[in-house]
Amino acid sequence: MARRRKRKFKWQKLFSRRGQNRLAKIVLWVIILALVGYGVQELHQVRQRQLIVEKQTDSKQLFIKQVAPEAEKMDQKYNVPASITLAQAILESDWGSSTLSAKYYNLFGVKSSDTTNSKVLTTKEYVNGKWIVTSGRFRVYTSWDQSIDAHTLLMVNGTTDDPQKYTGVTQASSYTQAAQALQTAGYATDPDYASKLIRVIETYHLNKYDQ
């Protein structure tokens with residue numbers, strides 16, 4: 001029996017009209033498959049980003065729910081706006097995720113000279129027009145509620161050298177006035193502290209907790 005001879009690929013066929021049509025179809029399918037794969041990957045990445053945002057949103061709402069009751073309680077008793085307390089806690093503790101707040105329950109960056117009930121940690125301060133990293137000794141609490149209570153009493157009683165330091169906060173008729181009073185009193189070195197507090201309050205509707 002005669003052996004069949006293998007057909008050799010003739011390159012000239014590729015450049016014929018029929019060959020070009022076939023090649024064009026192959027290229028088209030390759031492009032389509034590549035686009036489909038890219039689209040699936042993009043959809044996956046979009047969904048992953050959505051899940052991250054949803055998770056962050058859930059954790060933020062959880063943090064608010066955890067600290068809001070004590071902030072409302074202190075507002076009723078001492079007239080320190082709960083929205084201000086919550087906004088400060090959010091900014092100062094980064095939603096309760098900072099080492100100072102998560103490990104030592106200090107939500108407000110309250111410093112202390114008492115070496116038996118404090119920890120030395122690094123912090124950022126705005127000095128001479130720029131942010132610098134420095135060390136400070138911060139108060140240690142046993143719970144977030146205790147931190148909120150101490151913060152409220154600081155607003156009410158002021159400091160040892162200035163008992164009226166935060167009177168503007170307790171006497172404010174709105175959270176915007178209270179935020180500005182905090183900045184004027186020098187609670188934080190950040191020159192945009194008041195505007196940041198107001199932005200947080202309005203973004204998360206924290207004024208609904210005010211009494």
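Nothing in this text is a laboratory measurement; each read-out follows from the coordinates by a stated rule. Just so we're clear, the structure is a prediction, and the values are computed from it rather than from any experiment. Here Cβ is always computed from backbone atoms with ideal geometry, including for glycine, and neighbour counts include all displayed protein chains.
Structure data summary
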item: Size of electric dipole in the stretch 47-209: Cβ of Lys, Arg +1 and of Asp, Glu -1, about Cα centre, debye, nearest 20; result: 460 debye
item: Estimated vicinal HN-Hα couplings, Hz - the stretch 155-162 in sequence order (Karplus 6.51, -1.76, 1.60; Gly, Pro = x); result: 5, 7, 9, x, 9, 4, 8, 8
